[in-house]
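Asks: Pasting a structure below so you can have a look.
Throughout, read-outs are computed from the coordinates displayed, never taken from laboratory work. Source: prediction; values computed, not measured. Neighbour counts run over all protein chains shown; Cβ positions are idealised from the backbone, glycine included.
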Amino acid sequence: MTLPAPFRSVLPSRPSLRPRTVVAARRGQAGFTLLELLAVVVILSGVAFLTLQSLGSTDDQWRFEDTRNRLAALRTAIAGDPSRTANGAPVLSGFVADVGRFPLCLTELLQASGNDCNQDTVPDTAIPVYGFQSAANIFVGWNGPYVETTTDLSGNLVYRDAWGNDGNTHNSGWNVTVTAGTSVQVVSLGLDGASGGSGTYEADFPPSGNLVVGADAFVNVRDWQVKITVTNTGGSASTARTVCARLHYPVDGALSNTTTTTQALPSLPSGDSVELTFVPSPGADLLVPIGVRSVQLLEDGASAGCVDTFDASTPERVQIVPRTTPTTLSFTRTVTS
């Protein structure tokens, strides 16, 4: 129907739906082109690669430093830390102080029995466990584990480096060389788990040197003197005796000793004293393991040899401290008849 002209002029016109309006709207909402998307992917990939490289380097450095810390823990486990003190005296501890020798392999730090340090498939003799030796007034024996242990898939106790090297069982993957009484060398094979290597993390660590040397764990008591003053506290003259001194220390976890040559203790009038000087190892080297040791005065009495207790006094304790010359030990004993 066609409206008359007057009405047509007052009605609103229909909105235009020409194609250019649609095209304009689409252009206002345009996305990335394929080339732009590829550029973003390349940038993100580069950032991810650099991040992974940084994380990998940080992890390697952490493992390197942790391996160094584990080596320090092994050193303390073997020879203790003489810088630690209690009541002004050094705290002497560790495998050598307890057992009296270097460990033959690292598993001896982890367990006292079931070891096979020489790898001959025959279990080594078990190390006696820690206990008080009343006759010597000291503690001796295996008192571990001396480091924090973990268990491998076979149920074995291990103490690996931070790289997780596991090339052997008796040394938990470390390269270990033990020279009795002289040195212990412990080496991590690094990131690649193989001897040698030239990279910062692939090279063996430490590259040279020993973890522990003899002077860290043993003291030579050659010509060391023990002076014992004997006083007659009885009411009459004492009986003459033949006496000796015995130095107690551990060997292979068991109590051992060195006895001096005998001396004559003369008859003493009531109230009189005499000082006797004993030398456990005159003119000869005697390496005594660090730790608390003891000296006992004995007499050659009813038993064969100088083995009888002189009096009811307990053996006198003495600390054997690494890298020091032991001072003369002096103490007193009494006789009443």
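Asks: Could you tell me the center-to-center distance, by alpha carbons, between region 214-244 and region 113-172 in angstrom?
Replies: So the two Cα centres are separated by 37 Å.
Asks: If I stretch the segment between residue 284 and residue 42 completely, what's the gain in nm (0.36 nm per residue apart, minus their alpha carbon distance), one decimal? If you can, show how the numbers build up before the last one.
Replies: On the way: separation 242, 0.36 × 242 = 87.12 nm, distance 7.67 nm.
Using 0.36 nm per residue and subtracting the Cα-Cα distance, I get 79.5 nm.
Asks: Continuing with this model, one more query. Subtracting the Cα-Cα distance from 0.36 nm times the residue separation, let me have the gained length for residue 251 to residue 194 in nm, one decimal.
Replies: Full-extension gain reported as 17.0 nm.
Asks: Taking H as built 1.01 Å from N, whose amide H comes closer than 5 Å to the amide H of residue 256, not counting residues under 5 places away?
Replies: It is 249, 251, by chain and number.
Asks: Relative to the longest principal Cα axis of the chain, at what angle does helix 34-79 sit, 0 to 90 degrees, rounded to 10?
Replies: Between the helix axis and the principal axis of the chain, the angle is about 10 degrees.
Asks: Moving on. Using a basic spin-label model with each label point 7 Å from the Cα along Cα→Cβ, how many nm lie between residue 337 and residue 264?
Replies: For the pair residue 337/residue 264, the computed spacing is 2.4 nm.
Asks: Same structure again: For the modelled label position 7 Å from the Cα of residue 166 along Cα-to-Cβ, which residues of region 178-211 have backbone nitrogen atoms closer than 20 Å?
Replies: 187-195
Asks: Per residue, what volume in Å³ does the Cα convex hull of region 221-335 take up? Intermediate results must be reported in sequence, preceding the final value.
Replies: Details: hull volume 12.2 nm³, N = 115.
Residue-normalised Cα hull volume stands at 106 Å³.
Asks: Using a simple spin-label model with points 7 Å from Cα along the Cα→Cβ vector, what separation in nm is obtained for residue 126 and residue 180?
Replies: Simple spin-label model gives 2.3 nm for this pair.
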